1. From the set of residues in segment 70-105 that are aromatic (F, W, Y) and within 30 Å of Y210 (Cβ to Cβ), which is surrounded by the fewest Cβ atoms within 10 Å (Cβ to Cβ)?
2. When you check Y67 against the structure, is it among the aromatic types (F, W, Y) and either surrounded by fewer than 19 Cβ atoms within 10 Å (Cβ to Cβ) or in contact with a Gly (Cβ under 9 Å, 6 or more places away or on another chain) (or both), yes or no?
3. From the list R105, R131, which one is of a type in the set (K, R) and either within 15 Å of ligand 1 (Cβ to nearest atom) or under 25 Å from C50 (Cβ atoms) (or both)?
4. Tell me the residue from S189, S159 that is closer than 18 Å to S35 by Cα, touching a helix residue (DSSP H, G or I) at 6+ places or on another chain (Cβ under 9 Å) and not basic (K, R), please.
5. So, in segment 178-200, of the ones that are in contact with a strand residue (DSSP E or B) (Cβ under 6 Å, 6 or more places away or on another chain), farther than 15 Å from L157 by Cα and not small (G, A, S), which residue ends up farthest from ligand 2 (Cβ to nearest atom)?
6. Suppose the filter is away from ligand 2 (no atom under 13 Å from the Cβ), over 30 Å from D119 (Cα atoms), crowded, with 23+ Cβ neighbours inside 10 Å and touching a residue at least 24 places away in the same chain (Cβ under 8 Å); does R222 pass it?
7. Kindly state which strands (runs of 3 or more DSSP E) lie completely within segment 180-237 and contain at least 2 residues that are more than 21 Å from V12 (Cα to Cα) and more than 13 Å from the chain's Cα centre (by Cα).
8. What pairs come out if I take residues in segment 85-113 that are acidic (D, E) and pair them with residues that are surrounded by fewer than 20 Cβ atoms within 10 Å (Cβ to Cβ) whose C-beta lies under 9 Å away, six or more apart or interchain?
Amino acid sequence: MKTIPTQTIENVRWNDVAEELDRSGSARIEGLLGSAQCEALAGLYPRDDCFRKTVVMARHGFGSGEYKYFRYPLPEPIQELRTAIYPHLAPIANRWNETMGVDVRYPPDHAAFLARCHDAGQTRPTPLLLRYEAGDYNCLHQDLYGAHVFPLQLTILLSAPGRDFDGGEFVLTEQRPRMQSRPEVVPLSQGDAVIFAVHYRPVEGTRGFYRVQMRHGVSRVRAGRRHTLGIIFHDAA
Ligand SMILES: O=C(O)CCC(=O)C(=O)O
Ligand SMILES: [Fe+2]
């Protein structure tokens, strides 16, 4: 499978991504992957040699649909994306933690952060491939897998809305202290990525910054089949 040219990642307007994340808690990158790359990645789903675990969401009350966690070594394009994107997000994560008064700081390269996870017993890879069919959905959740959490993650839509599936919108909610939750739908085309907060993000209020709690999920797929690739930067216990 073709690797992702590092050039592609370097060409993303990371300053705009950072601004958008600060403003709304999520940011879209259009056309991060080409359609051939998307289809090759979605095509890995039946390849059980690539995965360490399958989760049937209905069995756990997570929703309806399935996902599989990749095993190490990750397929090259996924390893590349995870390694190349992390250094652009670590400064944002550090700034957010500073704003929220959280002491944890993230090293500039992903290998160093993974070493921290692995030393703490979080050794299992978390990148995952998800598959939804008509009627399937993903309940609002947070992808926490242990004490070590990298506070940003991304999801890439591998299928084409309108052609491969209908419905199945990516949804974020933001729960502000003592207030009702704010929903947001992130419209995605095939190959687009959404970067979003895993659990908390800082929001500026009239009396300084406060912390809001984020969750993400997927609305019901109304027809067809939808695949996504999830990239989470911490490993799992
Ligand atoms: O399928 C989606 O759009 C959401 C996937 C997800 O929950 C994740 O990537 O962590
Ligand atoms: Fe998730």
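1. Kept after step one, since they are aromatic (F, W, Y), are these residues of segment 70-105: 70, 72, 86, 96.
Add one more test, that the residue is within 30 Å of Y210 (Cβ to Cβ), and what stays is 86, 96.
Working: Y86: 23, W96: 20.
The qualifying residue surrounded by the fewest Cβ atoms within 10 Å (Cβ to Cβ) is W96.
2. Numbers: among the aromatic types (F, W, Y): yes; either surrounded by fewer than 19 Cβ atoms within 10 Å (Cβ to Cβ) or in contact with a Gly (Cβ under 9 Å, 6 or more places away or on another chain) (or both): yes.
Spelling it out, Y67 is indeed among the aromatic types (F, W, Y) and either surrounded by fewer than 19 Cβ atoms within 10 Å (Cβ to Cβ) or in contact with a Gly (Cβ under 9 Å, 6 or more places away or on another chain) (or both).
3. Details: R105 fails: either within 15 Å of ligand 1 (Cβ to nearest atom) or under 25 Å from C50 (Cβ atoms) (or both).
Only one candidate qualifies: R131.
4. Numbers: S189 fails: touching a helix residue (DSSP H, G or I) at 6+ places or on another chain (Cβ under 9 Å).
The unique qualifying residue is S159.
5. Taking the candidates together, the pick is R182.
6. Working: away from ligand 2 (no atom under 13 Å from the Cβ): yes; over 30 Å from D119 (Cα atoms): yes; crowded, with 23+ Cβ neighbours inside 10 Å: no; touching a residue at least 24 places away in the same chain (Cβ under 8 Å): yes.
Judged against the criteria, R222 is not a match.
7. Numbers: elements: 182-186, 193-197, 200-205, 208-218, 221-231.
So the answer is 182-186, 200-205, 208-218, 221-231.
8. Pairs found: E98/R105; D103/N97; D109/T83; D109/P87.
The values are calculated or read from the model by the stated rules, or taken from the named source; none is laboratory data. Predicted model only: the values in this text are computed from it and were never measured. Methodologically, a virtual Cβ is constructed for each residue, glycine included, from the backbone with ideal geometry; neighbour enumeration extends over all protein chains shown.
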